[in-house]
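Only one structure is covered here, and it is reproduced in the block below.
Please treat every number below as a calculation from the coordinates, not as lab data. Everything numeric in this text was worked out from a predicted model, so none of it was measured. We place every Cβ from the backbone using ideal geometry, glycine too, and count neighbours over all the protein chains shown.
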Amino acid sequence: MEDKKVTVEEMEALLAGDFRRFAEQMAAAMNEAKAGSIIADSELPVFEASGEFRQQAFEKALGLVQVKHEAFSPSAKPDAEQGNQGGPACDDQR
């Protein structure tokens, strides 16, 4: 199951473009704010951009986890890890 974990490197590669867009939106909001009201003018656009980035990041992370789980084959376990090995059957049918 260890190989199904999402790595930081995978997330960085997956989100590089999204993070760049977020940084661009944040920089634009800060640069468009009027002097003396930077917080008031930039807070909402930055909040909205961060929400969009958060949603995209979460959706991509879920997609990555789903792909990893679909690639997992339960029959790939060694025989010793599968089923009952030599003891009585759980349902007493064998």
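Here are the numbers:
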quantity: Descending Cα extents along the principal axes, region 2-71, whole Å; calculated: 53, 16, 15
quantity: Relative packing of 30-36, 46-52, which averages over residues the other C-beta atoms within 10 Å, highest first; calculated: 46-52, 30-36
